1. Compute the relative contact order of segment 291-331 as a whole-number percentage, counting only Cα pairs closer than 8 Å that sit 6 or more residues apart in sequence.
2. To the nearest 0.05, what FRET efficiency results for A24 and R325 with a Förster distance of 51 Å applied to their C-beta separation?
3. Could you point to the label whose value was computed as Rg/Rh (Cα atoms, Kirkwood Rh) for the structure here, given (i) 1.05; (ii) 0.95; (iii) 1.00?
4. Quickly rank 267-277, 120-130 as a protection proxy: mean count of other C-beta atoms within 10 Å, highest first.
5. Once fully extended, how much extra length lies between D49 and I230, figured as 0.36 nm per residue of separation less the alpha-carbon to alpha-carbon distance?
6. Using r as the Cβ-Cβ distance of S407 and D71, and R0 as 35 Å, what FRET efficiency do you calculate, to the nearest 0.05?
7. Assuming a ≥ b ≥ c are the square roots of the Cα gyration tensor eigenvalues, decide whether segment 134-244 counts as rounded (a/c under 1.5), prolate (otherwise, with a/b larger than b/c) or oblate.
8. How would you rank 42-54, 351-363, 428-440, 323-335, highest first, on the average number of other Cβ atoms within 10 Å across their residues?
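Derivation of every value follows stated rules applied to the coordinates shown; laboratory data play no part. Remember, it's a predicted structure, so these values are computed and weren't measured experimentally. Ideal geometry is used to build each Cβ from the backbone, glycine not excepted, and the neighbour counts take in all protein chains shown.
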Amino acid sequence: MREGKYVAAVDQGTTGTRCMIIDAESNIIGWVYEEHRQIYPMPGWVEHDPIEIWEKTRYVISETLKRSGIDPREIAAIGVTNQRETTVIWDPKTGKPLANAIVWQDTRTKDICEQLRRENYEETLIHPRTGVFSFTYFSGPKIKWLLENVPGLMEKAKKGEVKFGTIDSWLIWNLTGGPNGGAHVTDYTNASRTMLMDIEKLDWCREILELLKIPDAILPEIRPSSDKSIYGYTKPDGPFGAEIPVCGDLGDQQAALVGQVCFEKGMAKNTYGTGCFLLQNIGTKPELSKHGLLTTVAYSFEAGKCAYALEGSIAVTGAAIQWLRDNLKIISSASETEAIAKSVEQEGSGGVYFVPAFSGLFAPYWDLDARGVIVGLTRFIRREHIVHATLESICYQTRDVLESIASDTGSRLTELKVDGGAAINDYLMQLQADIIGTKVIRPKVTETTSLGCVYAAGLAVGFWRDLDELRKLWKVDKVFQPRWSEEKRERMYRGWKAAVNRAKGWLKDISAA
């Protein structure tokens, strides 16, 4: 039974927060986006201010309601989606964070992760139970670092005076009352990114908690991504100004998978944002990758049950374009990269390869010692070639992941759905199709992360009946067919692999020199 006219998304990403309101036909009725600060206390450290994120969230919610003219009482449900792995610790009595959030890109836990690998815990415990690797990306080592380095935090945690959460937990807790009865929850998808959840049992793994010395009292309750039981309700004095059920929660990349209606085994999507994240639905059995991919929870619409995905997480894609703009200052905005790259379409990158391993290489290499390189420079090279090589780097890293998926599954994708900010770049999407040799499909709504969490929330309250109804809402905007010859595709990819080999192990190489 459909009640209300709309569903709202709170989409909290690495660089900013969006509120989006959608109607029953998936039309975007209104949205507002606000960026927040990126804090870099020292090399390799990346932090966010959780209070600033909550304030930005409050602002985008109130502004979206105001600009769209929607009465909040017409909103049937709210879904939350979030940058994954980013770790928040707060005092539940005051609602104040006890440290800045440690962002997923942060590498300060490198020593913790390397010790776990040296002691063989990755192979015997962490990967078999969690589907992920002992790597700085994930929340568990970040929690351990905070408990060991914030004065008095371990003692407070042991007494149950601390709450941990990824950003979804932090926002849902605040939206549903904060210190006044806020719900301390997360969903299966976000829990699977902590390196602390047994992905088969769908519960916190006691052995890993004991290994990392993390008190289980600080952990949120794990719930389905679409929860008919409702996590909690917003408060009339909160940013929505009404009592609305909060009942959808998905990590941003899993939300995009749902937004792309990839509900069948074998379907895959790639999201182009700060990083790039390719997920393929592998069904209801958590098969472990043997080729550097993560096995993660894709979504859960019922307690104790879920679908799984193989994921290739790429740390730096859109962030490389930001680097061209903010650090090198050779572009003024990301939107101009399409025209710049097209101006040298015949030359391409001129033989240049750019491997943007600013914080190491993620999937499928998992090399913390890798660093960014630009190779193949000659006097012929101009800024246009560097911009072209940056776009190519996004596509080549995606191909790396697809090669691993093919090795794990024994079959190659016949199509790749795409979304995210950079997916609007036609030149980039054509380049992607050329480099992977597979057709690339862009939907009419590219903000599929917001769409996915809205779908999860709407399903929970009956705003949409079932998955078939959602499938009918998904529409194609454009299909990009590969145009390169097989010879060119393989020759160019060999050059990319040679460049990656020069980036790998850089820190070890220079420390041994």
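1. Values: 33 pairs, mean separation 12.1, N = 41.
About 29 percent, as a whole number.
2. Working: r = 39 Å, r/R0 = 0.76.
Calculated value: 0.85.
3. Answer by label: (ii).
4. On the way: 267-277: 25.6, 120-130: 17.5.
By packing density, highest mean first, the sequence is 267-277, 120-130.
5. Working: separation 181, 0.36 × 181 = 65.16 nm, distance 2.77 nm.
My answer for the length gained is 62.4 nm.
6. Numbers: r = 53 Å, r/R0 = 1.50.
Step by step, r from the Cβ atoms, then E = 0.10.
7. On the way: a/c = 2.34, a/b = 1.47, b/c = 1.60.
Here segment 134-244 falls in the oblate category.
8. Working: 42-54: 17.6, 351-363: 23.9, 428-440: 22.0, 323-335: 12.9.
The densest-packed peptide leads the list: 351-363, 428-440, 42-54, 323-335.
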